[in-house]
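Below: the structure, in structure tokens.
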Amino acid sequence: MDKRLEDELDRAPKGTREALSAFKESGDLDQLEVFAKGIIARNIDDAYAEVLNKADDSTRMVDDLGIDSLTMLEIAMTFEDALGIELIDDELSGIKTYGGMREYLVEQIKIESS
């Protein structure tokens, strides 16, 4: 694990690192979601924490969570490093909701593992 990823996980909410390990070991998508929420929480303003905790598929990345394009890029880099996947910038820019992000992550993981 590289230094940048270690730093991200160190600063992420408690349970994020453990969820990543559990997902890698079991493939449990519930653990992937815990990990993803932890990484998002690490990168957004604390004022959006309550919204993230209650996020559903329709929660908007920009309007509801305050995620701008630079923040999305930082989140994507962490996902790539942690999960060993490649996320396409053009596709990332089309993700508008939390549900869309989750579906895209699962899709990319399936592609990488096949």
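Among the candidates 41, 12, the residue that is touching a residue at least 24 places away in the same chain (Cβ under 8 Å) and in contact with a Pro (Cβ under 7 Å, 6 or more places away or on another chain) is uniquely 41.
Checked against the criterion of being surrounded by fewer than 16 Cβ atoms within 10 Å (Cβ to Cβ), more than 17 Å from residue 11 (Cβ to Cβ) and touching a helix residue (DSSP H, G or I) at 6+ places or on another chain (Cβ under 6 Å), the candidates 89, 68, 57, 64 yield just one match: 57.
Every number in this text was worked out from the coordinates using simple rules, so none of it is lab data. Remember, predicted model here, so these are calculated numbers, not experimental data. All Cβ positions, even for glycine, are placed from backbone atoms using ideal geometry, and neighbour counts span all protein chains on display.
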